[in-house]
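A quick write-up on the structure given underneath.
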Amino acid sequence: MGLDPHVLRGDFPILRREVNGKPLVYFDNAASSQKPRQVIEAMTEYYFNHHANVHRGAHTLSVEATEMYEGVRRKVARFLGAADPASVIFTRNTTEAMNLVAHSWARSVLEPGDEIVVTAAEHHANLVPWHLLAAERGVAVRGVGLRPDHRVDLDELEEVVGERTRLVSTWHMSNVLGVINPIARIAELAHRVGALLLVDGAQAAPHLPVDVEALGADFYAISGHKMCGPTGAGALWARPEILREMPPFLGGGEMIRKVFLDSSTYADIPMRFEAGTPNIAEVIGLGAAVDYLETIGLDAIFEHDQALVRYALERLQALQGVTLYGPEGDDRGGILAFNIDGIHPHDVATALDQEGIAVRAGHHCAQPLMRTLNAQAMARASFYFYNTEGEIDRLVDAVAKAREFFAAFA
Ligand code: PLP
């Protein structure tokens, strides 16, 4: 059953806004999605009626807050297809989740000469943590290129993944190309040599059903704010047997078993990785976001995103002087990066903003990909279930108008 974006929009107060005198078209969902009333109200309700610190008190409010917080852990586990809620660690976002893996797992396991394999299209959150580690530990980061159709070159991946590979780390859906990586196949290649697979799920988890078991992932990182949740709540899922072997990430309250003046022992998972007071209200907001997305249905969301991107590709392809990035096909989600000949993408974004249309412009935290595709920067429209074909028509009209406007100065 398809979804009706016109009905769902009613849940998003911000979508009633005008920008520069025009109804807002919000096409910057890959950076951060908007929040439905249900999420905002869940957080307000928590603060109005239940707030206290979690895991600490015998008093009623603390017990209620703890139950709400831990309930979200169970929800996120189910959302990701994970059997054990203790395998979900709350983080601020994907970036923190990936840094947790780098800091805790990689620092305790990797040795000089070991290799981490990534692709040419990674977000910086999946590069810089490994660079920091490489400088400290003498491990090498090896990159795999893209095929001309902008999909990862799996033949090259197969060649590069070898006996020194300890980790393959890559995106599930690219934040620039919109393409979905064949994660199950990549997992096979990694596991064949005994390496682990870390999946950057920042863009996939909000838009398509995820089953970490079926994917064969060992780690999976998500950001709540890209999936209708608030900022400040994300998660790392990891195989519990791997997590149990990992040393703590941050030290402090909540993550300990016993503390002496000169030493400490640490709690079991998941608490071992959640030092200090967590973002309780934000996690509760994330739980409401998971409920909200599941009510719509992730299959329906993905189908809608795909229909929008197919329509946008078709309409923008018809315009001269517009370069579109990413492949066409069923393995393509609702992200569309583009350039207009002779106009800097920042100018494109400014011109679109004049029409009330929010897109992002820049390198999208993917500088190696920009180099690979010979682009300094790109404009990017990214869709969600509350976007409509009519909004894409407005984008296309605005792109055509911007092209004409700038042509006058050429
Ligand atoms: N990975 C990908 C593919 C992303 O698109 C993003 C954010 O845009 C991130 C990681 C980082 O997400 P966050 O800033 O929420 O940590």
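The values are calculated or read from the model by the stated rules, or taken from the named source; none is laboratory data. Owing to the predicted nature of the structure, the values given are computational and were not obtained by experimental measurement. All Cβ positions, glycine included, derive from the backbone under ideal geometry; neighbour counts span all protein chains shown.
Can you give me the number of residues within segment 208-244 that are charged (D, E, K, R), in contact (Cβ under 8 Å) with a residue 60 or more places away in the chain and more than 12 Å from the ligand (Cβ to nearest atom)?
Residues that pass the stated criteria total 3.
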**OP:** Output the qualifying pairs, or none if there are none: Cβ atoms under 6 angstrom, residues six or more apart or on different chains, first residue in segment 96-118 and farther than 17 Å from residue 165 by Cβ, second residue β-branched (Val, Ile, Thr) and within 13 Å of the ligand (Cβ to nearest atom).
**Re:** 97/91
**OP:** For segment 143-156, indicate whether the set of residues that are surrounded by fewer than 22 Cβ atoms within 10 Å (Cβ to Cβ), in contact (Cβ under 8 Å) with a residue 12 or more places away in the chain and small (Gly, Ala, Ser) is non-empty.
**Re:** yes
**OP:** Search segment 109-126 for residues being surrounded by fewer than 19 Cβ atoms within 10 Å (Cβ to Cβ) and either over 20 Å from residue 138 (Cβ atoms) or modelled with pLDDT under 95 (or both), and hand back the single one that is farthest from the ligand (Cβ to nearest atom).
**Re:** 120
Original post:
Any idea how many residues of segment 174-222 are of a type outside the set (Asp, Glu) and within 19 Å of residue 382 (Cα to Cα)?
Top reply: 18
Subject >> All strands (runs of 3 or more DSSP E) inside segment 318-365 with 3 or more residues being at pLDDT below 95 and of a type outside the set (A, V, I, L, M) >> reply: none
Original post:
Any idea how many residues of segment 11-43 are more than 25 Å from the chain's Cα centre (by Cα) and at negative phi?
Top reply: 6
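Do we find a residue being within 12 Å of the ligand (Cβ to nearest atom), touching a Leu at 6+ places or on another chain (Cβ under 6 Å) and either over 25 Å from residue 206 (Cβ atoms) or in a loop (DSSP other than H, G, I, E, B) (or both) anywhere in segment 152-164?
Within segment 152-164, the first condition is being within 12 Å of the ligand (Cβ to nearest atom), and the residues that meet it are none.
The answer is no, given that none of the residues of segment 152-164 is within 12 Å of the ligand (Cβ to nearest atom), touching a Leu at 6+ places or on another chain (Cβ under 6 Å) and either over 25 Å from residue 206 (Cβ atoms) or in a loop (DSSP other than H, G, I, E, B) (or both).
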**OP:** With the checklist (1) more than 16 Å from the ligand (Cβ to nearest atom); (2) closer than 23 Å to residue 245 by Cα; (3) touching a Phe, Trp or Tyr at 6+ places or on another chain (Cβ under 7 Å) in hand, flag the one item residue 102 doesn't pass.
**Re:** (1)
Original post:
Which of the helices (runs of 4 or more DSSP H) contained wholly in segment 1-87 include at least 1 residues that are within 17 Å of residue 270 (Cβ to Cβ)?
Top reply: 60-79
